[in-house]
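Working notes for the structure below.
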Amino acid sequence: MALAGLTAVSLLTACSYGSKSDKTDAAPAPAASGGPKLSADTVKIGYFANLTHGTALVGLQEGLFQKELGATQIKTQVFNAGPAEIEALNAGSIDIGWIGPSPAINGYVQSKSQSLKIIGGSASGGVELVVNPNKIKTLDDLKGKKIATPQLGNTQDVALLNYLAGKGYKEDPQTGAGDVSVVRTDNKVTPDAYASGSIDGAWVPEPTASTLVAKGAKVLLDEKSLWPNGQFVITNIIVSQKFLKAHPDVVEAVLRGSVNTNAFIKANPAKAEQDANDAIKAAGGNSLPAGILDPAWKSIDFLDDPLAGTLQAEADHAVTAGLLKKPDISGIYDLSPLNKVLTAAGKPTVSDAGLGTGS
């Protein structure tokens, strides 16, 4: 994957949810339950302590994954950003992970299709363009303004650059200079940057968007409005190809837990929201106040479908933005285990949009 002035690793491993390429201490591991042990003694699961990873947070908190895994123990690792999670998967430190689309694409392409497979969906949405209403009243007011994104080449950065290109604005994708100044700012400091007036708005994921709204910003554009049916992938489930081949029964058990968790979230939204917040705190993060948690949680859709067509579109947007040449992501999906689980549960199967194993 050739890039202008950037290595592929530095561009596409910039995940949507954090900015540091490191990991936190492992979260407390759930106790294995009774029942038969599957083909692996343990399964090592990685995720972020972030609302867009709500399936992992809620499923672990409610014991829904452990219920399916029986005597097979879960070991967890919490990450701050995509690069470390991909490195951990490649090193065998984790077997399965929840992760954003950009690092999933990068991990697959950089390994020449050998490291991982996307085996399921998890979340859609949860991204907004929020602005200072005193400076920006309509989308036509963006020219000359400073709009933050989390990191050069991350999923929201690509989305903003693609949007601006579609509106005819001229931008330098590397520096962010142009008709609109694209300012790459760590999500953790974006609220302070907004409060100080050094940025006029931000294209950011939750809960950063709702944090800015709590400081007086307004939502100018919900990214859902730009996608067919209002859906686009924000979190996938990936697995090491080696682990998938060696332990398909464990992979299916985790996917059953994921499907059951997404059903639980839909049936028990208030409880699931509290579970996610409790899990974030337990993983060493800060729990979110209700004024930020509630709108942030409601903006995210949890689903089993990986929305494969939107993954290709997101890769194409990076091409349009001038950040990379078209990557080959054929074969990145293996949805056969998920579709087996969905069929057994009486649910509709999902498509890999021609990007799957054997497609």
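Which order do peptides 74-84, 178-188 fall in by mean Cβ count within 10 Å, highest first?
Values: 74-84: 23.0, 178-188: 18.4.
Packing proxy ranking, top to bottom: 74-84, 178-188.
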Query raised in the report: If you roll a 1.4 Å probe over the stretch 178-276 with all protein chains in place, what percent of the accessible area is carbon or sulfur?
Result: 55
**Report entry** Test item: Cα-centred dipole of the chain, Lys/Arg +1 and Asp/Glu -1 on Cβ, debye
**Finding:** 100
Query raised in the report: Which net charge results for the neighbourhood of N132, defined as the other residues with beta-carbon distances under 11 angstrom from its beta-carbon, given Lys and Arg at +1 and Asp and Glu at -1?
Result: +4
Report summary line: Of every hundred units of 1.4 Å-probe accessible area on the stretch 34-118, the number belonging to carbon and sulfur atoms, as a percent, is 44
Report summary line: For the stretch 255-359, dividing by residue count, accessible area per residue (probe 1.4 Å) in Å² works out to 44
Query raised in the report: Roughly how many Å² is the accessible area per residue of the stretch 92-137, as a whole number, for a 1.4 Å probe?
Result: 24
Report summary line: For A148, the residues 5 or more places away or on another chain with a placed amide H closer than 5 Å to its own amide H are V183, D200, G201, A202, W203
Report task. Pull up all non-local amide H partners of V43: gap of 5 or more, or a different chain, and H-to-H distance under 5 Å with H placed in the peptide plane. Result -> Q73, I74, K75
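In the neighborhood of H53, defined by Cβ-to-Cβ distances under 13 Å, what is the net charge if each Lys or Arg adds +1 and each Asp or Glu adds -1?
Net charge in that neighbourhood comes out at -3.
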Query - Choice from Q241, Q174, Q312 with maximal GNM fluctuation in the chain (Cα, 10 Å cutoff) - result: Q174
Query raised in the report: Taking the chain as a Gaussian network, where each spring joins two C-alpha atoms under 10 Å apart, which residue of G125, G63, G46 fluctuates the most?
Result: G63
Query - Full-extension gain in nm, K143 to K37, via 0.36 nm per residue minus C-alpha separation - result: 32.2 nm
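How much net charge surrounds K271 when only the other residues with a Cβ under 13 Å from the Cβ of K271 are counted, with Lys and Arg +1 and Asp and Glu -1?
Values: positive: K266; negative: E62, E273, D275, D278.
With Lys, Arg at +1 and Asp, Glu at -1, the neighbours total -3.
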Requested in this report: For the chain, calculate the relative contact order in percent as a whole number, restricting contacts to Cα pairs under 8 Å that are 6 or more residues apart.
Outcome: 26
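Using the heavy atoms of the protein chains alone and a 1.4 angstrom probe, what is the accessible area of the stretch 165-221 per residue in square angstrom? Working shown, then result.
Values: 2380 Å² over 57 residues.
Accessible area per residue, the stretch 165-221: 42 Å².
The values are calculated or read from the model by the stated rules, or taken from the named source; none is laboratory data. Everything numeric here is computed off the predicted structure, so don't read it as measured data. Every residue, glycine as well, gets a Cβ built from its backbone with ideal geometry; the counts of neighbours run over all protein chains shown. These accessible areas exclude ligands, DNA and RNA; they are computed on the full protein's heavy atoms, side chains included. Shrake-Rupley method; radii C 1.70, N 1.55, O 1.52, S 1.80 Å.
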